[in-house]
Amino acid sequence: MSRNKKLEVRDLTISFKTTQGMVRAVRGVDFDLYEGETLAIVGESGSGKSVTSRTIMGILAGNGVIDKGSIMYEGEDLTQIEEEEFHEIRGNKIGMIFQDPMSSLNPIMRIGKQITEGMILNGKRLKNKFEKLFHEEQARVDWLKRDIKRAKREFKQLKARAKEDETINLEQAKQKMLDRVAKAKDELKPAKVELKKAKAQAKQKIKEIWNAEKEKANNDIAKLKEQLEGANQEQAAKIKQQIADRKEELARFKQVTKKEARERAIQVMDEVGIPEPEKRLKQYPFQFSGGMRQRIVIAIALTLAPDILICDEPTTALDVTIQAQILELINRLKDEHNLSVIFITHDLGVVANMADRIGVMYAGKIVELGTSEDVFYDPRHPYTWALLSSMPDLDSTERLVAIPGTPPNMLYPPKGDAFADRNKYAMKIDFEKQPPMFEVSETHSAATWLLHKDAPKVEMPEVIKHRIERMLKRSSSSEVKS
Ligand SMILES: Nc1ncnc2c1ncn2[C@@H]1O[C@H](COP(=O)(O)OP(=O)(O)OP(=O)(O)O)[C@@H](O)[C@H]1O
Ligand SMILES: [Mg+2]
């Protein structure tokens, strides 16, 4: 696996404003997503899995606030960028599929149109070429504009904090903010002039490119038309087709045409395993089964050639055989399209065969992070132990042990380890202080005081040991991915 980072999430902290107070949904989440890997995020309902992934997608609910942290993607912090820009990244670079495929489909639009819509919208080839020509100048202007907003916003946040913290020197901060804004405004003027110049040049260049292309096409068409004279009926039909094709080719130079999008739609439908795509294009979502609908949503995501795919419980609503097929499909597409996948589930069993790494989430935090092998064969956090023992056994469908108790109320997150109340190995410190992430190995870490050097040695429960032995025995035939 390459170690190229696709995404870097740091200290991500998210709350929701509610009538009862602030719900602390995500409390300092850190993880990286590497190129080409599948990172599973596993945890009980309410642990913050969806909120984390929706924030990466830029679709956090209206009452949500990013209190802290960053999500770095291609040198940009996704928590800081503006709505319009997010629009480009969302769907385009980062695709997402949800538990309920209907939530991403329009019930009254034919499937074909839903698949082709994005391609046509994003496929303005000449316009994209034009915009690329002054991309740097545009980025400079955008950055300065954003910096002005950012300076003002940061000052506003500081002002709010100053109400509680009297060590904050507001006067000084205000002057600093005003200086920063003034400097950015000074730089903005010449940057705008540069942008205007670059745009004018780009326009000229694109005009030339387009005219040349048109001339070539017109010449070709004129020649074909000449051939039409004196041609017999059969030859004429062929030549007319060639003329139509040449016109289509020219249109495609400018943008993704309807015809082209339709061809591509049939291709991706075929790729995700929808039989008779030509016929199916004309149908509506209700005419498809749940599994087929999920395939369509995946097809739509694929048409935009994303490089990250976030799957939020994509198979939870499906029955077991269909579930396995969809997992297989995601796995195959991941390899074929070199996607980096974040796979969210409450069921560890689901990811055993597909995750390269696993992050276990509890009460808004990642409490254990490691390779699939680390987490399945050498789990260290008592919550991971509990998850493992509540997972249906590979040999039977019986659930061994349900996790006792309930997760904490995130309106009042506990002071110490959030799992302490449900943890029979909890020590005094677990109720008082949050454990940091302790490193178990280069790839593996867990946030439990049991890993502190002074903690008593606690063995993992027998049932899990036995389970691991059984899994290891099995892994010689059908193995957990490493
Ligand atoms: N819009 C909202 N307003 C208030 N609280 C919210 C909102 N969205 C999510 N939450 C709360 O944030 C916490 C995390 O929710 P999230 O949806 O991320 O859980 P999850 O891990 O995806 O669970 P599930 O397995 O049920 O999907 C929960 O306590 C939830 O109630
Ligand atoms: Mg969820």
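Values quoted throughout were computed directly from the atomic coordinates according to the rules given, and no laboratory measurement underlies them. No experiment lies behind these values; they were computed from the predicted model shown. Neighbour counts run over all protein chains shown; Cβ positions are idealised from the backbone, glycine included.
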**Asked** For the chain, what relative contact order do you get, as a whole percent, if you take Cα pairs closer than 8 Å and at least 6 residues apart?
**Response** 22 percent
**Message:** What distance in nm lies between label points placed 7 Å from Cα along the C-beta direction at residue 237 and residue 254?
**Reply:** 3.0 nm
**Fill in**
Once normalised by the length of segment 245-332, the mean sequence separation of its alpha carbon contacts under 8 Å that are 6 or more apart gives a contact order in percent of 25 percent
**Fill in**
Quick calc: nm separation of the 7 Å Cα→Cβ label points for residue 72 and residue 152 -> 2.9 nm
**Net length gained if the chain between residue 30 and residue 457 were fully extended (0.36 nm per residue, minus Cα distance)** = 151.0 nm
**Message:** Using a 7 Å offset from Cα along Cα-Cβ at residue 441, what residues in segment 1-21 end up with backbone N under 18 Å from the label point?
**Reply:** 1-3
**Request:** Hand me the trypsin sites (Lys or Arg not before Pro) from segment 421-461 located in a DSSP loop with no more than 16 other Cβ atoms within 10 Å, in residue order please.
**Result:** 424, 433, 453, 457
**Stretchable slack from residue 63 to residue 179, in nm (0.36 nm times residue separation minus alpha-carbon distance)** = 38.5 nm
**Asked** If we restrict to alpha carbons, what Rg and Dmax does segment 112-240 come to, in Å?
**Response** 27.6, 93
**Message:** Show me the trypsin sites (Lys or Arg not before Pro) within segment 157-217 that DSSP assigns to loop and that have at most 15 other Cβ atoms within 10 Å of their Cβ.
**Reply:** 163
**Length gained when the stretch residue 169-residue 267 is fully extended (0.36 nm per residue, less Cα-Cα span)** = 29.1 nm
**Fill in**
For segment 311-470, inverting the pair-averaged 1/r of distinct alpha-carbon atoms gives a Kirkwood value in Å of 16.9 Å
**Prompt:** If segment 316-400 were replaced by its equivalent ellipsoid, with semi-axes equal to the square roots of 5 times the Cα gyration tensor eigenvalues, what would those be, largest first, whole Å?
**Reply:** 22, 17, 11
**Mean separation of Cα contacts under 8 Å (6+ apart) over length of segment 339-454, as relative contact order %** = 23 percent
**Fill in**
Rounded to 0.05, the calculated FRET efficiency for the beta carbons of residue 402 and residue 305 at R₀ = 30 Å is 0.10
**Prompt:** What spacing in nm lies between the two simple spin-label points modelled at residue 132 and residue 409, each 7 Å away from Cα in the Cβ direction?
**Reply:** 5.6 nm
**Request:** Give me the percent of Cα-Cα pairs in segment 14-154 that sit more than 20 Å apart, rounded to a whole number.
**Result:** 61 percent
**Prompt:** If you place +1 on the Cβ of every Lys and Arg, -1 on the Cβ of every Asp and Glu, and leave all else neutral, what size is the dipole of the chain about its Cα centre, to the nearest 20 Debye?
**Reply:** 2200 debye
**Message:** How charged is the neighbourhood of residue 73? Take every other residue with its Cβ under 13 Å from the Cβ of residue 73, and add Lys/Arg as +1 and Asp/Glu as -1.
**Reply:** -4
**Complete:** Between the residues 47, 299, 89, the Cα farthest towards the positive end of the dipole of the chain, that dipole coming from +1 and -1 charges on the beta-carbon of Lys, Arg, Asp and Glu, is from 89
**Request:** Express as a percent, rounded to the nearest 5, the fraction of DSSP beta bridges in the chain (both residues included) that run antiparallel.
**Result:** 60 percent
